[in-house]
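Quick notes on the structure that follows.
Only the coordinates and a few stated rules stand behind these numbers; no lab work does. Since the model is a prediction, treat every value here as computed from it, not as a measurement. FYI the Cβ positions are ideal-geometry reconstructions off the backbone, even for glycines, and counts take in every protein chain you see.
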Amino acid sequence: MTKGPSNHPGQQNIGGKKYWLDDMRNVHKIFWALVVVCALLFLADAFYHKHVHFGFENWFGFFGLFGFIGSFLLVLVAREMRKFLMRDEDYYDR
Amino acid sequence: MIAEFPPGLLLIVGAVLVPFLKGNVRSLYSLALPLLGIWQIAVLDPGTFGTLSVFGFEQTIVRVDKLSRIFGYIFYISAALGVVFAWHRDDWVEQTTALVYVGAAIGATFAGDLITLFIFWELTAIASVCLIWAGRTERAYRAGFRCLIMYMLSGILLLTGVAMHAVETGSVAFNNIGLDSPGGLLILLAFGIKCAFPLLHNWLQDAYPEASVTGTVFLSAFTTKLAVYALARGYAGTEELIWIGVVMTAFPIFYAVIENDLRRVLAYSLNNQLGFMVAGIGIGTTLAINGAVSHAFAHILYKALLFMSMGAVLYRTGTAKGSELGGLYKTMPWTTGFCIVGAASISAFPLFSGFVTKSMILTAAADEGYVIPFLVLLFASAGVFHHSGIKIPFFAFFAHDSGKRPDEAPFNMLLAMGITAFLCIAIGVYPQPLYALLPFPVDYQPYTTTHVVTMLQLLIFSGLAFATLQRTGLYPPELRSTVLDFDFFYRKAGKAVARSIVEALSRGRAQVEGKARRGLDVWIERVFHLHGPQSVLARTWQTGSTVLCVTILFAVVLLVSYLGD
């Protein structure tokens, strides 16, 4: 990973300024807030009547679990794909 | 009078003046043309005009109905936004071809017959390749050429298909075509190339990210959505399209996860969004077609917005690679915000445009009892949030701090992004005006408790998966790399095969040549043996043996003539 400023004229350095997200504790806070929102959304299924087409859609928390597992698998499979599909950046230019 | 002027020609003819104008006047003029176009479509009465007879076939240059009108509107709107985004750019080649490109796409949209469609189809192809070349890099030049080959293939298929279709049906009118005839199949393939069907898709991911910052914004809107329009017109309810669409939604997202160039990630997600539209067209109910068309409308806006935001990043930092970026929110807060609006819209968050359009397609699939397509579309919806909704803004603007502190995007770019972002939210919050433009009457309510809660569950849990993978380090890092896709077969394997064929042929030629030469040598040697300086026939004969030979010859002649009597 290359760091450091590029040569673009639009570049300027704001050295010392600290942002809220620079503090990892705040990033952790966001993560746990996300967990809480997910838990609430999961429980939401208990409080309304779903109008659905297929039986499986009525399973408790179906959409949440489907979204979580689906995306998780998506990334893991893509990760494996890298092993045989990834080449150097200039692969086609050589 | 303007009402009788074919809508697309307005831009094509208007573009002629662009090279002669300068600076703000040129940009202002380029903006006025699409705005005039919007007004023109608004005042055009439904119906057809400009009929003429060619080769005994009735051609209809312009057909105005609800389907062509809504695509006309969104094409003009996105052209206007593209001009604002490119306001600062002083490049008459790009600015002229962009207008011709838009005009050709609109001309094709309003074409009432297949011959007119073909002409504009080809013009779109040529103009878009010129727009790619206007990127003016070696990579853009090469990618444009590969793209051109695919477009030409599409053109040939279309022309052949139209000819066969015309012979079969006796008409070139562009209405429902279907797959009942071989001509229909060829036309579908022609549309399929431009719509980036699986295995025919790679020109899109190959070429679009190679165009300029502003060129890609134009490119993202027209070619593929023109193909969606053409499919909706010619192949609504063709069941095969459901499965093609389903594959299109699912298979590009794996690539989107591991691709490093963020504009290429957007090209993959563009492909995935086209899948939703194609599936909707395949389902073919009025709800599904409305869903596909409205999704195309919403998609053009949020995809342009995403390409604009990544374009602004590229413009300011000189790169759009995830591995080089990060932390840009600190100095590009507005661009970050607009990018997040685009990301939320493509992810179909409630209150954003994608939600009110995509849910129609999902509902239509469920209504018709397509279980597997429904599940795959659901998976792709979660996946699109993953790679477009989170990955794009996350790796560009957050993630690890790259140390880059670029200026905020120029004002014209921010303005274009701002208006587009506003439209994305406006459609999501108040979809009725869009629904009123759709080809069929809309009896659909997107904001039901079930829709909102289930969609939020799907998306937020998908976000949780992303966060978990990031925290555990399982998420594949952004790496400088090339990911092999189907284009490998023609860029590497095909090249290797072609090379080995050429080599084998030249080897064969050398062998044949060698043999022929050896044969020739033997023959020449023999001739030389007989006629050469020291050979039998070249020697000076003695008088006695000459007389003997002549006598024998005479004897033979005499004998033959006696026997002959």
Worksheet, complete the sentence: Placing +1 on each Lys and Arg Cβ and -1 on each Asp and Glu Cβ in the range B:362-444, then taking the dipole about the Cα centre, the residue among B:426, B:390, B:378 whose Cα reaches farthest towards the positive end is B:390
Worksheet entry | Charge context of residue B:384, other residues only, Cβ under 12 angstrom, K/R +1, D/E -1 | +3
Worksheet item: For the range B:352-415, what is the convex hull volume of its Cα atoms per residue in Å³?
Response: 92
Practice prompt. Starting from the Cα of residue B:471, step 7 Å along the direction of its Cβ; do the same at residue B:525; then give the gap between the two resulting points in nm.
Written response: 8.8
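With a/c under 1.5 counting as rounded, go ahead and sort the range B:6-79 into rounded, prolate or oblate using the C-alpha gyration tensor (a ≥ b ≥ c being the square roots of the eigenvalues; past the cut-off, prolate if a/b is larger than b/c, else oblate).
Oblate is the answer for the range B:6-79, as a/c is 1.5 or above yet b/c matches or exceeds a/b.
Per residue and in Å³, how big is the convex hull formed by the alpha-carbon atoms of the protein assembly as shown? Present the calculation step by step, with values, prior to reporting the outcome.
Working: hull volume 173.3 nm³, N = 659.
Looking at the protein assembly as shown, the number lands at 263 Å³ per residue.
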Fill in: Rg in Å to one decimal, and Dmax rounded to a whole Å, for the range B:440-519 via C-alpha atoms
29.4, 89
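Would the range A:18-91 count as rounded, prolate or oblate if I go by the C-alpha gyration tensor, calling it rounded below 1.5 in a/c and otherwise prolate when a/b exceeds b/c, oblate otherwise?
Verdict is oblate for the range A:18-91.
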Item to complete: Rounded, prolate or oblate: pick one for the range B:511-565, where a ≥ b ≥ c are the square roots of the eigenvalues of its C-alpha gyration tensor, a/c under 1.5 means rounded, and failing that, prolate if a/b is larger than b/c, else oblate.
Response: oblate
Practice prompt. Give, rounded to the nearest 20 debye, the magnitude of the charge dipole that the range B:362-470 has about its Cα centre when Lys and Arg contribute +1 at Cβ and Asp and Glu contribute -1 at Cβ.
Written response: 300
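If the limit is 27 Å between Cα atoms, which of B:495/B:515; B:492/B:515; B:303/B:404; B:66/B:194; A:29/B:391; A:50/B:391 go over it?
Correct reply: B:495/B:515; B:492/B:515; A:50/B:391.
Once fully extended, how much extra length lies between residue B:486 and residue B:432, figured as 0.36 nm per residue of separation less the alpha-carbon to alpha-carbon distance?
Additional length available on full extension: 15.4 nm.
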Worksheet item: In whole angstrom, how far apart do the alpha carbon centroids of the range B:150-213 and the range A:25-42 sit?
Response: 48
Practice prompt. May I ask you to derive the relative contact order of chain B, considering only C-alpha pairs under 8 Å and at least 6 residues apart, and to give it as an integer percent?
Written response: 12
Response to the item:
Under 19 Å by backbone N from the virtual spin label 7 Å along Cα-to-Cβ at residue B:513, the residues of the range B:463-502 are B:499-502
Practice prompt. Just the number, please: Stokes-Einstein D of chain B in µm²/s, Kirkwood Rh from C-alpha pairs, 20 °C, 1.002 mPa s.
Written response: 82
Discussion item. Which residues does the label zone of residue B:448 cover in the range B:348-378, counting backbone N under 16 Å from a point 7 Å along Cα→Cβ?
Written reply: B:356-370
